[in-house]
Amino acid sequence: MKTLLLIFPLLILLLTACNLPTTTRQNPVSQQKTQLPEIIKDATATPTTQPVVIATPSCPNFQSFGNLIGVSPEDLSLQPINPQFTWYYSAQQFWNTESADPWAEICIPDSYELYFSTGPGFTNEFSIQVTNPTSTYLSNSSVLPLVWVISPALEPVKVYRWLPVGHYGTIDIGTSKIANLHDDSKWLPVSDQWQQGVFRTGPACASGSINIPGLIFPAEGEVIYTRQPKLTWETTTCMPLRFQLQIFSPQVGDLWFQVQTNYPWWGKYTTSGSIFPQLPDCARIYWKVKGGVDIIGGQEWGEWSEVRSFYVNSGSCPTSTPTSALPTRTPTRTSTATPEPVSVDCGSIKDSTICDNHPACYWKKNLSNPSAGTCESNSL
């Protein structure tokens, strides 16, 4: 009996020392370490997916493409010599696609070119290749805007017409409009084709240093065979904000027509507050121009250009055209020359140059005031 009592406590101590578990078994640390690479492998695994295949759009000819619309600069705005250009490509089939990304199935030009012509004559033409324009593809719009700052820079103090052209391989988009660069009737104000822009380059004239315009067309003494010619002029050092044109016709009196315009030309396709009326036929016309800028509280005008003259002959005038050379005080008439009408009130002419250039008049200086004078008739 004593033996059993001694053995039982020993069994209790042995079981306590072994600390045998009575619930679930924990994995050894060594086994946890072997599972860690498996966890990392599962977390970094890339799922296998099939690539999305987008069909290449079929673009066999220019009719597969939309329209190019020039946006800015426009409206004869004054720009630096490296302006930022903005134009739109309007996709033709955008709303006919069922793709989540309609632009992926639409014919889009792969390159662009900007065409230019310089005024006021707009007889020349040149182009600049666009490099890396900024474009924004909008999923809910059929219009793709493109923005590009031109390089190399344009010439200063010029008037530019411009339009965008696209290319896709050997296909050209928008080239049919290039001829419009040379046609005044295709531009504002007489045409509302807003796919084209016109602007001026600076620098802008500053107050106190407004460039005097140089007259271009008509040349002095030239015969013009239309009663609505396009009068043109230019500036060379800076660009005035606007111009003032005065036209004189001694045949009908002194100042016959006056207008302000932002254009460095004036003709039947130019807009301002007035419409260019038809000039008197079979008559010598005198004209001059000056530039102006805005100042606080009003406008400032520079000096007038030289005065030039031209002769209007729409086809019904005599063959001989009077010369515009300065006449003598008593011009010599010949039986073969057909003079301009002399039934003019010389006293109504207030400009000394116009007066002296009229065969029937001469300018009489005021001795007491050299800057003043009166226009007198040669017949007196």
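The values are calculated or read from the model by the stated rules, or taken from the named source; none is laboratory data. As the structure is a computational prediction, the values presented were derived from the model and not from experiment. Cβ atoms come from the backbone with ideal geometry, glycine included; neighbour counts cover every protein chain shown.
For the reader, a short list of remarks on this structure follows.
- Close pairs (8 angstrom Cβ cut-off, 6 or more residues apart or separate chains): without any contact (Cβ under 8 Å) to a residue 60 or more places away in the chain in the stretch 102-113, in a helix (DSSP H, G or I) anywhere: PRO102/PHE94; PRO102/TRP95; TRP103/PHE94; ILE106/PHE94
- Neighbours by Cβ (under 7 Å, 6+ apart or cross-chain): first from the stretch 182-199, over 14 Å from PRO73 (Cβ atoms) and surrounded by 12 or more Cβ atoms within 10 Å (Cβ to Cβ); second modelled with pLDDT under 85 and among the charged types (D, E, K, R): GLN193/LYS186
- Yes/no for LEU68 being touching a Lys or Arg at 6+ places or on another chain (Cβ under 9 Å) and either part of a strand (DSSP E or B) or modelled with pLDDT of 90 or more (or both): yes
- Filter result for LEU163 (within 14 Å of TYR115 (Cβ to Cβ) and assigned to a loop (DSSP other than H, G, I, E, B)): no
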